[in-house]
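The values are calculated or read from the model by the stated rules, or taken from the named source; none is laboratory data. Computed from a predicted structure; not experimentally measured. Here the Cβ positions follow ideal geometry from the backbone for every residue, glycine too, while neighbour counts run over all protein chains shown.
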Amino acid sequence: MGKTVVRITVRNWADIERLASGGKTGSLRAVESEALVDSGSTGFYLKASLVQQLGLRLIGEQRALTMSNRRETRRLFSPVELEIQDRTAVISVAEVPENLPNIVGQVPLEIMDWVIDPIGQKLIGNPAHGGEMLHEEF
C-alpha cells in the first residue's frame with residue numbers, strides 16, 4: 001500500500017469573512033497545492049511558504065508528538081477554508097518546515113466525511129453515509 005496524495009485548495013478565512021460582510025478592499029488569498037493524507041496526524045499542516053502566501057496570522061503555538069517520538073512546538077495560524085474534491089472545512093493551520101509535505105490529518109478528514117482507500121490511494125466518501133457528505137450530530 002502506498003501513500004495517498006490529494007490536490008487541495010486553501011483560502012484565507014479572514015478574507016472570506018471580510019468579503020462576506022461587504023468589505024470591498026483586498027482580494028481573496030488562495031493557494032492550490034498537493035498534500036499527503038495521513039490519518040495518523042491530527043490536524044492540518046501547511047508549509048511555511050504557503051502560510052506566508054495566504055497571509056495568515058500567528059495565533060499561538062501547539063505541542064506536537066512526531067512519528068519518531070520527538071516533542072516539537074508548531075506555530076499555529078488563523079483558520080482557512082480547506083477544499084478537497086469539492087468538500088470544505090474551516091480549520092486552523094499548523095506550520096511545518098519546507099522539507100515536510102503539507103499534511104491533511106484525521107480531523108479535517110472527519111469534518112469533510114472522507115475516508116482513505118489505501119488500495120486505490122485516494123479519498124472516498126464515507127461508505128457508512130453512502131459516500132455522501134453527512135455530519136453526525138448529537
If I ask for residues that are in a strand (DSSP E or B) and not acidic (Asp, Glu), which ones from the stretch 33-53 would you list? Ser33, Ala35, Leu36, Val37, Phe44, Tyr45, Leu46, Lys47
Which of the numbered conditions does Leu76 fail, given that it passes all the others? Conditions: (1) closer than 21 Å to Asn12 by Cα; (2) touching a residue at least 24 places away in the same chain (Cβ under 8 Å); (3) of a type in the set (A, V, I, L, M). (2)
Within the stretch 1-33, the count of residues that are within 16 Å of Val80 (Cβ to Cβ) and in contact (Cβ under 8 Å) with a residue 12 or more places away in the chain comes to 18
Against the condition among the small types (Gly, Ala, Ser) and assigned to a loop (DSSP other than H, G, I, E, B), how does Gly120 come out, does it pass? yes
Test for Leu56: is it outside any helix (DSSP H, G or I), within 23 Å of Arg7 (Cβ to Cβ) and in contact (Cβ under 8 Å) with a residue 24 or more places away in the chain: yes
Residues satisfying the stated conditions in the stretch 72-112, i.e. buried (at least 20 other Cβ atoms within 10 Å of the Cβ) and part of a loop (DSSP other than H, G, I, E, B): Asn102, Gly105, Met112
Out of (1) surrounded by fewer than 16 Cβ atoms within 10 Å (Cβ to Cβ); (2) modelled with pLDDT of 95 or more; (3) not in a strand (DSSP E or B), the one Leu28 does not meet is (2)
